[in-house]
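Some notes on the structure that comes next.
The values are calculated or read from the model by the stated rules, or taken from the named source; none is laboratory data. Source: prediction; values computed, not measured. Note that we place each Cβ from the backbone using ideal geometry, even for glycine, and neighbour counts take in every protein chain shown. Surface accessibility is based on the protein's heavy atoms, side chains included, excluding ligands, DNA and RNA. Shrake-Rupley method; radii C 1.70, N 1.55, O 1.52, S 1.80 Å.
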Amino acid sequence: MKKAIKEIIERALEKAKGAGELELENVPDVVIEKPKDEKLGDFATNIAMTLARSERKNPKAIAEIINRHIENGATGLDSVEIAGPGFLNLKMSQRFFLDRLADAVKQRDDFGKSNVGEGIKIIIEFVSANPTGPLHIGHGRGAAVGDALSRILKKAGYDLSTEYYVNDVGNQMNILGRSTWLRYLELLGDEKEFPDDHYRGDYIKDIAQLAVDQQGKEFLGKPEEECVPFFKELARENILAGIRKDLSDFRVTFDNWFSEQSLYKDHSVEGAIQWLRDQGHVYDKDGAVWLKSSAFDDDKDRVIVKKTGEKTYFCSDIAYHQNKIKRGFKKIINLMGADHHGYVPRMEAVLQAMGYDKNIFKILLVQFVSLLRGGEKVSMSTRSGEFETLSDVVNEVGVDAARYFFLMRSSDAHLDFDLELAKQETPENPVFYIQYAHARICSIFRGSKEKGIELPENREVDLSPLVEDEEYSIIKAILAFPEVVEKSAKALEVHRISHYLLDLVSRFHGYYSRHRVISEDIPLTLARLYLLDGLRITIRNGFDLMGISAPEKM
RNA sequence: GCGCCUGUAGCUCAGCUGGAUAGAGCAACGGACUUCUAAUCCGUAGGUCGUAGGUUCGAAUCCUACCAGGCGUGCCA
């Protein structure tokens, strides 16, 4: 929508330059924004102010010049005013907005779609929690943000793949196997010391019970080395299945689950080390193998093969990211918990060591979640077993509220998740406030249908009865949706959608309380229903980007 | 010590690449239901944008220093 305005200003600039009134050596990008106050106009640009320096004229004079060169009959333009320090405020005709509303309504589910992504192949990796226990609330935020971001990026025209990286190799898997084995022995009466660094959650006991049910006493009295591999695999399978289920219950699915083990099986870890060694990025010291990451802005070099001969997690991550690039992804996005932020420089170093621009790689840090229950913070620790799992929270507040709460704040800000608020079905709870608006609109459609008033299938309706300021305020808000999606995709910020929806819907609630949609005036009723149809579509599409349902009745 | 994130109304947070009088929700106070869902709406009040400098026509936004909170700084993942 702003594109049309931008063109009007750009044409005026061209003409002013042609007339010799402006020099315009380097024309800055014309930025179209919304005026502070809607009464000032529909659109505004600060172009006269940004030109002030290079033109050596005061902003108001420049604004005058531009104004003089704006074409009289420019598309949909009603009037232009110069205000404040040199803003050009533009008012558009009602027709301008009505035409665009009609476009939006006809696009239906596609409204909001764009092609800013230009089909670029992107991979986004998120959650990637170790299969050593159920997902907790922090993973939940990562899952919600990653999934919403995926939906947004797709809507913005990127060719997107989602992936979960399964860390199924290494010491923590051995500890997992051993924890399960010890619980198994306990169940059969052979209690041994249970170390502090082992996994203590009840889910381990459940898996041990499963082993008892399936295998009976088969592993009783056998040496540890013969037992742990079995328990490791059993635990891994069970926990991973649980994670998949928790995620799918949370409406999060992945295009691909990528196993770390597979990188060892096909020797790509070895291959990556050798390749880096050939490039001179790897050296041996103190019996270990190091990556010279300090050559690429990391604080220090990092061990990739320990002196025990084991590879570090970081080592297989190198192979993994090499693999992503080999699969043809032009942009790689990883979501990580903020507690892993120390990991960022070394990963960027790896990409550079492999010869790629570090800008193809973007790590998004998702900050912590504090869970509040009755004003008290709930603490979390996987090993102690005292933590809030994602599934507990989802069961308590529902998928819609949980997702909304995870998505309503900028992901680099800490989040206070108030369980009591999320559960409430009152206007204080923003997710219900928005859903309620949708249900209200649907209720109006049911009411009009009963009276035999329905929008025609082809949506050809005369919209000229729409004349109220409030109606245009809603229409403008609807029409901003595609821009919100684009910005959200570019900035990789999901919280913009929730803020947008809240603003959109509050305009509707106000309108609803002052104006009746269904009346004796059939043309007016139809026009208003049409507006509501646009609104309904926008709420639905916005919620869809967040993975939240838009109920027709509440 | 060093690095990253955060600091905006009583609380939780927006504030786009510097722009017009710094916004919203909640809480507080006062109003509105014979009418399409009052799960709603309208109004009032509430601010030294952590502090101090700097950059400029103009700073919550950019730079520097400091203060406060969180996180990190493993041959853990």
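Candidate cross-link partners of A:LYS232 among the lysines, defined by an alpha-carbon separation under 26 Å and a same-chain spacing of 8 or more, comprise A:LYS192, A:LYS205, A:LYS217, A:LYS222, A:LYS245, A:LYS265, A:LYS306, A:LYS307, A:LYS311.
Spin-label pair A:ASN458-A:ARG108: with each label point 7 Å from Cα along the Cα-Cβ axis, the two points sit 1.6 nm from one another. On a per residue basis, the convex hull of the C-alpha atoms belonging to the range A:443-554 measures out at 113 Å³.
Counting every C-alpha pair in the range A:2-92, the share spaced more than 14 angstrom apart comes to 60%. Only beta bridges with both residues in chain A are counted; by DSSP, about 50 percent of them are antiparallel. Shape analysis of chain A yields a ratio of the Cα radius of gyration to the Kirkwood radius, Rg/Rh, of 1.06. Judged by the ratio a/c of the largest to the smallest principal axis of the C-alpha gyration tensor, the range A:483-526 counts as prolate, that ratio being 1.5 or greater while a/b is larger than b/c.
Remark: the A:LYS487-A:PHE314 segment gains 59.0 nm on full extension, using 0.36 nm per residue and subtracting the alpha carbon distance. Average accessible surface for chain A: 46 Å² per residue, computed with a 1.4 Å probe over protein heavy atoms with every protein chain in place.
Across the range A:100-212, Cα-Cα distances exceeding 16 Å account for 71% of all pairs.
Each Cα pair under 8 Å and six or more residues apart adds its sequence gap; the mean of these over the residue count of chain A is a relative contact order of 16 percent.
Taking the C-alpha atoms only, the angle from helix A:522-546 to the longest principal axis of chain A is near 30 degrees.
For the range A:218-345, the square roots a ≥ b ≥ c of the C-alpha gyration tensor eigenvalues yield an a/c of 1.5 or more together with a/b not exceeding b/c, which makes the shape oblate.
Among the protein heavy atoms of chain A, carbon and sulfur supply 47% of the accessible surface, probe 1.4 Å, non-protein parts ignored. With the cut-off at 1.5 for a/c, could you classify the range A:185-276 from its C-alpha gyration tensor as rounded, prolate or oblate? Verdict is oblate for the range A:185-276.
Within straight-line reach of A:LYS358, meaning a Cα separation under 14 Å, sit the following aspartates and glutamates at least 8 residues removed in sequence or on another chain: A:ASP297, A:ASP298, A:GLU348. Restricting the range A:36-103 to trypsin sites (Lys or Arg not before Pro) that sit in a DSSP loop and have at most 15 other Cβ atoms within 10 Å of their own Cβ leaves A:LYS36, A:ARG56. Using heavy atoms of the protein chains and a probe of 1.4 Å, the accessible area assigned to A:THR45 is about 0 Å². Remark on A:GLY76: its backbone amide H falls under 5 Å from none of the residues 5 or more positions apart or on other chains, H modelled at 1.01 Å from N.
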